[in-house]
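Contents: one structure, followed by commentary.
Every number here is computed from the coordinates shown, using simple stated rules; none is lab data. Small disclaimer: the values here were computed from a predicted structure and weren't measured. Glycine gets a Cβ as well: all are built from the backbone with ideal geometry, and neighbour counts include every protein chain shown.
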Amino acid sequence: MNQVNSGDTDRSPPFRVRFWGVRGSYPTADPSTLVVGGNTSCVEVMVAGRRLIFDAGTGIIPLGKELCDRASSPPTAYVFLSHTHIDHVMGLCFFEPLQTSKAHSFILGPGDTHGALTRSLRHLTHSHLFPVSLDELKGKKEIFSLAGGEVIRFRSRGKRPKIGGNRTTNGADTNEVVVTTFKSPAHPRNGVMLYRVYYRDKSVVYATDIEQQEGGYPEIIEFVRGSDLLIHDAQYLHEEYFSRAKPRKGWGHSTLDMAIDVAKKAEVKRLVLFHHEPTHDDKTMRKIEKQAKQLFRSSVVAYQGMEIALR
Ligand SMILES: [Zn+2]
Ligand SMILES: [Zn+2]
């Protein structure tokens, strides 16, 4: 895959996005998939000295290790979950800050009522599935259920984020880091949360596990509008989605064309195709990237280890 503004420079920009897991549905270890990478969803956004993590697929495992190895004191992590399907939370129990005394994790994600997200996550550590319960994990953790429409702001290190009520502004051009949320029903069965991170005049949208309708959902296009970087589900090829033998309509994921359609209509500056179908090998992904660039020049296939700097 093409390299995109990779690595630190001596004058690192305040907004950087790093991909730790880009695979949808389940992890892959087949040698034919290793260029794009096999870890499931996890994206790190480093902004104004803060580290925000989107999803806790297997990609969060090496990220957690790096966080703990590098930190001179136990780290603070902000983890935003799109939803709790297994490929988005399967790395959580192995996230080193959750296993480290005095490390502090704030976990935010969709939940209809107070405590709903905690109850969902407790299933992960049921004694039949994992030997240590959520409460027994040594790291300090605070879990927040989100309904959608929130505006989230950050205070000093170690303090819980400030979660505001209904979004009345799109948060643009802010001098502090702001995350806004949008809950979409377009993913079976409980929908999915989309996130937009703002800082100064830049913004990044994380929109995985979303099945667009033809022409895109207008409310999602509005949520995404004008962003500098859109990370969007593009799991299927058009021919797979509309296949007669095995149609994927209703499975909760978009095609490449759907993602591009939304990117164009929302006038985003760059599109990252994400949540790759696990049966797509590196050769297929190269073809997908070529096809995508013909339709929308500023698009790229996400691969594990890819880093994008917003300038
Ligand atoms: Zn998924
Ligand atoms: Zn899902």
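Quick look at the values:
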{"item": "Of all residues making up the stretch 258-272, the number that are buried (at least 19 other Cβ atoms within 10 Å of the Cβ) and in a helix (DSSP H, G or I)", "result": "6"}
{"item": "Selection count where residues are more than 22 Å from Val22 (Cβ to Cβ) and among the aliphatic types (A, V, I, L, M), scope the stretch 173-211", "result": "2"}
{"item": "Evaluation of Ile260 against (1) more than 26 Å from Tyr26 (Cβ to Cβ); (2) touching a helix residue (DSSP H, G or I) at 6+ places or on another chain (Cβ under 7 Å) (one fails), failing number", "result": "(1)"}
{"item": "Complete set of residues in the stretch 225-257 that are under 19 Å from the mean Cα position of the chain (by Cα) and not hydrophobic (A, V, I, L, M, F, W, C)", "result": "Arg225, Gly226, Ser227, Asp228, His232, Asp233, Gln235, Tyr236, Gly252, His253, Ser254, Thr255"}
{"item": "All positions within the stretch 45-60 that are crowded, with 21+ Cβ neighbours inside 10 Å and either of a type in the set (A, V, I, L, M) or out of contact with any Gly (no Cβ under 8 Å at 6 or more places or on another chain) (or both)", "result": "Val45, Val47, Leu52, Ile53, Phe54, Ala56, Ile60"}
{"item": "Number of positions in the stretch 185-236 that are outside any loop (DSSP other than H, G, I, E, B) and within 16 Å of ligand 1 (Cβ to nearest atom)", "result": "10"}
{"item": "Residues satisfying the stated conditions in the stretch 75-89, i.e. touching a Ser or Thr at 6+ places or on another chain (Cβ under 6 Å) and farther than 19 Å from Gly148 by Cβ", "result": "Ala77, Asp87"}
{"item": "Cβ pairs under 7 Å, 6+ apart, first in the stretch 27-53 and assigned to a strand (DSSP E or B), second of a type in the set (Lys, Arg)", "result": "Thr40/Arg23; Glu44/Arg18; Glu44/Arg51; Met46/Arg16"}
{"item": "Strands (runs of 3 or more DSSP E) fully within the stretch 65-166 counting 3 or more residues that are away from ligand 1 (no atom under 16 Å from the Cβ) and either of a type in the set (A, V, I, L, M, F, W, C) or free of Cβ contacts under 8 Å to residues at least 24 places away in the same chain (or both)", "result": "104-110, 140-146, 162-164"}
